[in-house]
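K.L.:
Here it is: the structure, laid out below.
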Amino acid sequence: MKTSIIGFPRVGEVRELKFATENYFRNEISAEELENKGKELRDKHWKLLVDQGIDFIPSGDFSFFDTTLDAAVLLNIVPKKYQQLKLSPLETYFALARGYQGEAGDVTALAMKKWFNTNYHYMVPEIDDETELKLVGDSLFTAFNEAKKAGIITRPTIIGPFTLLKLATYHGTKQAADFYEDAINAYAQIFDRLVKAGCEWIQIDEPALVLDLSTAEVQQFKQLYQKLLAKKVNLKVLVQTYFGDVRDVYQELIELPFDGIGLDFIEGRKTVSLLEKYGFPKEKLLFAGIVNGKNIWKNNYEVTLTLLEKIQTFGNVVLNTSCSLLHVPFTLANESALTKEVTNYFSFAVEKLAELNDLKKISTDKDGNQAILNANTALFKKERFSKNEQVAQQVDLLTEQDFIRLPVLAERATIQKDKLNLPILPTTTIGSFPQTKEVKQNRAKFKKGEITEREYTAFNQQKIAECVAFQEEIGLDVLVHGEFERNDMVEYFGESLDGYLFTEKAWVQSYGTRCVKPPIIWGDVSRSQPITVAYSKYAQTLTNKPMKGMLTGPVTILNWSFPREDISLRESTLQLALAIQEEVLDLEANGIEIIQIDEAALREKLPLRQTDWHSEYLDWAIPAFRLVHSKVKPTTQIHTHMCYSEFADIIQDIDNMDADVISFEASRSNLDILDALKAIDFQTQVGPGVYDIHSPRVPSVNEIEATIHNILNKLPIEKIWVNPDCGLKTRGVPETEASLKNLVLAAKKVRGGV
Ligand code: GLN
Ligand code: ZN
């Protein structure tokens, strides 16, 4: 039996890639130095995989920003406006990823979307009628050759044509299927070149196969691969799926001449029953995803071995992770603050490699490896979660009334209008202001005990005062305190809640150079004291304008934490909702009239198949949000914020969150969402982001004005707010100040004109 992984965290053990890339962005290192760093990391990771006994080692899972973008660039899916900049290949690549503003021109970045049901974001390839899909790049081959030089024959991995073309956006008349012919030729050429380089296996990722597929799409997939696989000579092709089961396409999949098929046994609820129903071809390898690529908990060997025994009756098994290890932190080895008692239960990327190896050893020689199995079994027999009876009881006692806020939205809108006295098109921001070096240093010094709590707080208050003064000076209407005390919108709350655990170095890539460090839910969650009240209250004393209180909502806290697996996600979320409800009421009692409860990650755990959306998720996630604010006074205005644009299909559910105002990302998706809002007569007031904060580009007044006009063409002016599309913490100070000034000026110009 062999072991395999789908991909490895490229950002590095201590985020080396992130720092090198950011140094490059700041012109502190050259392109060559960055390339060398990439090479060094790839090399290190391959060797590590070899050392850990992994048999199938991927290459091509490394990326300077995103592998979907890499595939697009490799295949010449680069819109003209980027090509016309005539930059170096690396600069063009980063122009696609982050936008470009400089001597060569001015372009925005490609859109960015959530990668299936994860918190990873991919760059959305843009295709128009002039796009010429053909093999132009060589990153895949370079990586393969590099590894080969180091004596390692890797399995290059690339996103497959079906998924790539399905995820792309189309600006012309052509659609995905119009590019299949070209894609077949390009991928066939990739096959050829790899074979010539000495490659034996290629891994083609087709995660789109776990989505709901129409019969037409299944046919398209089948024809696409019939033609493509007819062109492979001397190469073995693994089609890799993950994030669910492939129920709509399983029969076609096993009939196609793939040499290996990768199936997910963790999130794929129906994978086993598909095997039982349709069998598995004996001549193919079954890459069985049995080690969870998303959670941080140790694998329960007994359970897995039982599953394996069953799977092995169907075919030749290779032990695999359920998805790329990109979605878990690098290693436990650097976590020195947590006790062994606790870390005993954890498994990050490197430890998951060891688990694969253990499982391989035990399944090949059970007697010889009984000790490994016994230790694992013993661990799972122990009671590990800390319980809080009171919290469990509180959740049990919830009634329908607890989830309903009164009076109804329209009535509240009138009441709040009188109370708050805001202009039309009120301007605001999403909460955070740039996290400068000093801001981060202040937190770091406090954490290390280098400064006193007083010094720490005084610094933050100073920053808040500056931030408030700036907002007043440029004329924003609803102010924020800037979130200087927060490292991360989830970790910050987790730190103040009971039931949470924290890591030091357990970073996971979210997009590009941005990483997050999700806290771990270890026990029942409760709040023992106010979390945000002091800073919000202080900030409010500095201004007569409304100061928004800033909270993170329960669904987002859950979705950006590593959750427990012994109780349901619903139960954990309700525990969180009760804790945040206490915070909301405390803010209100302390004079905060507008409270924003961010649900940036609401969509994250939305099941990939639409049939499961309500029953498995929305039916408890939306009420959990309502629970948080159901008890506030009619005069208190509740805002929420979402980070992504793809919610046209759950728009009614979002309206049902019953917030008074919602802001969301819209600028990168060309405001498509507005039509959806209009179509369902969306009740909540909305602030569609008028510029993209994921890029350092400064939008001009005219540009923002035009965006506001676009919004007003679709929606009634009394419902519109003007704001950036997300928090500003990742941005620099100069670009932030310039952008916000332009935003306020644009709003004023539009107001003047109506
Ligand atoms: N209030 C948060 C901030 O501004 C929201 C962040 C987010 O949506 N990801 O940083
Ligand atoms: Zn956001």
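K.L.:
Contact list please: Cβ distance under 7 Å, first residue in segment 190-215 and closer than 29 Å to Asp248 by Cα, second residue among the hydroxyl-bearing types (Ser, Thr, Tyr) and assigned to a helix (DSSP H, G or I), pairs at least six apart or on different chains.
P.N.:
Asp205/Thr163; Glu206/Thr163; Pro207/Thr163; Ala208/Thr163
K.L.:
Please go through segment 592-616 and give me each residue that is within 16 Å of ligand 2 (Cβ to nearest atom), assigned to a loop (DSSP other than H, G, I, E, B), under 30 Å from Asn544 (Cβ atoms) and aliphatic (A, V, I, L, M), ordered by number. Reasoning before the result, please.
P.N.:
So in segment 592-616, the residues within 16 Å of ligand 2 (Cβ to nearest atom) come out as 596-604.
Adding the requirement that they be assigned to a loop (DSSP other than H, G, I, E, B) leaves 599-604.
When the remaining residues are screened for being under 30 Å from Asn544 (Cβ atoms), the result is 599-600.
Across segment 592-616, the qualifying residue is only Ala600.
K.L.:
Can you pull out every residue in segment 276-331 that is within 22 Å of the chain's Cα centre (by Cα), within 18 Å of Asp358 (Cβ to Cβ) and of a type in the set (A, V, I, L, M)? Before you say what the answer is, go through the steps one by one.
P.N.:
Of the residues in segment 276-331, the ones within 22 Å of the chain's Cα centre (by Cα) are 289, 291-297, 321-331.
Applying the additional criterion that residues be within 18 Å of Asp358 (Cβ to Cβ) yields 289, 291-293, 295-297, 321-322, 325, 328, 331.
Hits for segment 276-331 are Val291, Ile296, Leu325, Val328.
K.L.:
Still on this structure: Can you tell me which residue is farthest from ligand 2 (Cβ to nearest atom) among those in segment 706-733 that are within 24 Å of Gly512 (Cα to Cα) and among the basic types (Lys, Arg)?
P.N.:
Looking at the filtered set, the residue picked out is Arg731.
K.L.:
Continuing with this model, one more query. Among the numbered criteria (1) in a loop (DSSP other than H, G, I, E, B); (2) of a type in the set (A, V, I, L, M); (3) within 18 Å of the chain's Cα centre (by Cα), which single criterion is violated by Ile557?
P.N.:
Checking Ile557 against (1) in a loop (DSSP other than H, G, I, E, B); (2) of a type in the set (A, V, I, L, M); (3) within 18 Å of the chain's Cα centre (by Cα), the one that fails is (1).
K.L.:
So which residues in segment 407-433 are more than 16 Å from ligand 1 (Cβ to nearest atom), in a loop (DSSP other than H, G, I, E, B) and either touching a residue at least 40 places away in the same chain (Cβ under 8 Å) or more than 17 Å from Arg626 (Cβ to Cβ) (or both)? Talk me through it step by step, then tell me what you get.
P.N.:
The first filter runs over segment 407-433 and keeps only residues more than 16 Å from ligand 1 (Cβ to nearest atom), leaving 407-426.
Those still in the list that are in a loop (DSSP other than H, G, I, E, B) too: 407-408, 421-426.
Passing the criteria: Pro407, Asn421, Leu422, Pro423, Ile424, Leu425, Pro426.
K.L.:
Within the bounds of segment 734-747, is there any residue that is free of Cβ contacts under 8 Å to residues at least 60 places away in the same chain, assigned to a helix (DSSP H, G or I) and within 16 Å of ligand 2 (Cβ to nearest atom)? Reasoning before the result, please.
P.N.:
As a first pass, look at segment 734-747 and keep what is free of Cβ contacts under 8 Å to residues at least 60 places away in the same chain: 734-735, 738-739, 742, 745-746.
Of the ones still in play, those that are also assigned to a helix (DSSP H, G or I) are 734-735, 738-739, 742, 745-746.
When the remaining residues are screened for being within 16 Å of ligand 2 (Cβ to nearest atom), the result is 739.
Scanning segment 734-747, I find at least one residue that is free of Cβ contacts under 8 Å to residues at least 60 places away in the same chain, assigned to a helix (DSSP H, G or I) and within 16 Å of ligand 2 (Cβ to nearest atom), so the answer is yes.
K.L.:
Here's another thing I want to ask about it. Tell me yes or no: at least one residue of segment 682-701 is without any contact (Cβ under 8 Å) to a residue 40 or more places away in the chain and farther than 30 Å from Val632 by Cβ.
P.N.:
No, because not a single residue in segment 682-701 is without any contact (Cβ under 8 Å) to a residue 40 or more places away in the chain and farther than 30 Å from Val632 by Cβ.
K.L.:
Which is more than 31 Å from the chain's Cα centre (by Cα), surrounded by 18 or more Cβ atoms within 10 Å (Cβ to Cβ) and over 21 Å from Lys719 (Cβ atoms), of Phe459, Phe484, Phe446, Phe433?
P.N.:
Numbers: Phe484 fails: more than 31 Å from the chain's Cα centre (by Cα); Phe446 fails: more than 31 Å from the chain's Cα centre (by Cα); Phe433 fails: more than 31 Å from the chain's Cα centre (by Cα).
Step by step, each of Phe459, Phe484, Phe446, Phe433 is checked, and only Phe459 is more than 31 Å from the chain's Cα centre (by Cα), surrounded by 18 or more Cβ atoms within 10 Å (Cβ to Cβ) and over 21 Å from Lys719 (Cβ atoms).
K.L.:
Then there is this: Can you name the residue in segment 692-707 that is surrounded by fewer than 21 Cβ atoms within 10 Å (Cβ to Cβ) and of a type outside the set (D, E, K, R) and, of all such residues, is nearest to ligand 1 (Cβ to nearest atom)?
P.N.:
Within segment 692-707, the match that is nearest to ligand 1 (Cβ to nearest atom) is Pro696.
K.L.:
A further question on this structure: Say we look at segment 380-406 and pick out the residues that are charged (D, E, K, R) and surrounded by 13 or more Cβ atoms within 10 Å (Cβ to Cβ); which of these is nearest to Arg527 (Cα to Cα)?
P.N.:
Restricting to residues being charged (D, E, K, R) and surrounded by 13 or more Cβ atoms within 10 Å (Cβ to Cβ), the top hit is Asp402.
K.L.:
Check every one of the helices (runs of 4 or more DSSP H) wholly within segment 300-392 and list those with 2 or more residues that are in contact (Cβ under 8 Å) with a residue 60 or more places away in the chain.
P.N.:
Numbers: elements: 301-312, 340-343, 349-364, 370-381.
Hits in segment 300-392: 301-312, 349-364, 370-381.
K.L.:
If Ala621 satisfies all but one of (1) over 24 Å from Gln652 (Cβ atoms); (2) more than 15 Å from ligand 1 (Cβ to nearest atom); (3) not polar (S, T, N, Q), what's the number of the condition it fails?
P.N.:
Among (1) over 24 Å from Gln652 (Cβ atoms); (2) more than 15 Å from ligand 1 (Cβ to nearest atom); (3) not polar (S, T, N, Q), the lone unmet condition for Ala621 is (1).
K.L.:
Continuing with this model, one more query. For segment 677-691, state whether one or more residues are more than 16 Å from ligand 1 (Cβ to nearest atom) and basic (Lys, Arg). Reasoning before the result, please.
P.N.:
Of the residues in segment 677-691, the ones more than 16 Å from ligand 1 (Cβ to nearest atom) are 677-685.
Adding the requirement that they be basic (Lys, Arg) leaves 678.
Yes, there is a match, as at least one residue in segment 677-691 is more than 16 Å from ligand 1 (Cβ to nearest atom) and basic (Lys, Arg).
K.L.:
Still on this structure: Filter segment 532-554 down to the residues that are part of a loop (DSSP other than H, G, I, E, B) and either of a type in the set (Lys, Arg) or buried (at least 22 other Cβ atoms within 10 Å of the Cβ) (or both), then identify the one that is nearest to ligand 2 (Cβ to nearest atom).
P.N.:
It comes out as Gly553.
K.L.:
Given the conditions (1) within 30 Å of Gln610 (Cα to Cα); (2) touching a Pro at 6+ places or on another chain (Cβ under 9 Å); (3) outside any loop (DSSP other than H, G, I, E, B), and given that Phe116 satisfies all but one, which numbered condition is not satisfied?
P.N.:
Looking at each condition in turn, Phe116 falls short on (3).
K.L.:
Since Cys515 meets every condition but one in (1) within 18 Å of the chain's Cα centre (by Cα); (2) within 28 Å of Ile622 (Cβ to Cβ); (3) not small (Gly, Ala, Ser), which condition does it not meet?
P.N.:
Result: Cys515 passes all but (2).
K.L.:
Please state which one of Leu275, Leu286, Leu308, Leu209 is at pLDDT 95 or above, in contact with a Ser or Thr (Cβ under 8 Å, 6 or more places away or on another chain), more than 27 Å from Ala168 (Cα to Cα) and not polar (S, T, N, Q).
P.N.:
Values: Leu275 fails: in contact with a Ser or Thr (Cβ under 8 Å, 6 or more places away or on another chain); Leu286 fails: in contact with a Ser or Thr (Cβ under 8 Å, 6 or more places away or on another chain); Leu209 fails: more than 27 Å from Ala168 (Cα to Cα).
Among Leu275, Leu286, Leu308, Leu209, only Leu308 is at pLDDT 95 or above, in contact with a Ser or Thr (Cβ under 8 Å, 6 or more places away or on another chain), more than 27 Å from Ala168 (Cα to Cα) and not polar (S, T, N, Q).
K.L.:
Give the residue, chosen from Leu263, Leu235, Leu256, that is touching a residue at least 12 places away in the same chain (Cβ under 8 Å) and touching a Cys at 6+ places or on another chain (Cβ under 8 Å). Steps first, answer last, please.
P.N.:
Details: Leu263 fails: touching a Cys at 6+ places or on another chain (Cβ under 8 Å); Leu256 fails: touching a Cys at 6+ places or on another chain (Cβ under 8 Å).
Unique residue meeting the criteria: Leu235.
K.L.:
Could you give every pair whose Cβ atoms fall below 9 Å, whose first residue belongs to segment 627-646 and is more than 22 Å from Thr429 (Cβ to Cβ), and whose second residue is within 16 Å of ligand 2 (Cβ to nearest atom) and in a loop (DSSP other than H, G, I, E, B), counting only separations of at least 6 or pairs across chains?
P.N.:
From segment 627-646, the pairs are Glu646/Arg603.
K.L.:
Right, here's the next one. How about segment 265-315: which of its residues are acidic (Asp, Glu) and surrounded by fewer than 19 Cβ atoms within 10 Å (Cβ to Cβ)?
P.N.:
Glu276, Glu283, Glu302, Glu309
K.L.:
While we're on this one: Residue check, Leu602 against (1) aliphatic (A, V, I, L, M); (2) under 30 Å from Pro207 (Cα atoms); (3) surrounded by fewer than 23 Cβ atoms within 10 Å (Cβ to Cβ), all met but one. Which one?
P.N.:
Going through the list (1) aliphatic (A, V, I, L, M); (2) under 30 Å from Pro207 (Cα atoms); (3) surrounded by fewer than 23 Cβ atoms within 10 Å (Cβ to Cβ), Leu602 breaks only (3).
K.L.:
Return the only residue of Thr684, Thr736, Thr707, Thr730 being hydroxyl-bearing (Ser, Thr, Tyr) and in contact with a strand residue (DSSP E or B) (Cβ under 6 Å, 6 or more places away or on another chain). First the steps, then the outcome.
P.N.:
Numbers: Thr736 fails: in contact with a strand residue (DSSP E or B) (Cβ under 6 Å, 6 or more places away or on another chain); Thr707 fails: in contact with a strand residue (DSSP E or B) (Cβ under 6 Å, 6 or more places away or on another chain); Thr730 fails: in contact with a strand residue (DSSP E or B) (Cβ under 6 Å, 6 or more places away or on another chain).
After ruling out the rest, the residue left standing is Thr684.
K.L.:
Only residues that are closer than 25 Å to Leu167 by Cβ and crowded, with 22+ Cβ neighbours inside 10 Å: list them for segment 642-667, please.
P.N.:
Met642, Cys643, Tyr644, Ser645, Ile654, Phe664, Glu665, Ala666, Ser667
The values are calculated or read from the model by the stated rules, or taken from the named source; none is laboratory data. No experiment lies behind these values; they were computed from the predicted model shown. So basically every Cβ, Gly included, is an ideal-geometry build from the backbone, and we count neighbours across all protein chains shown.
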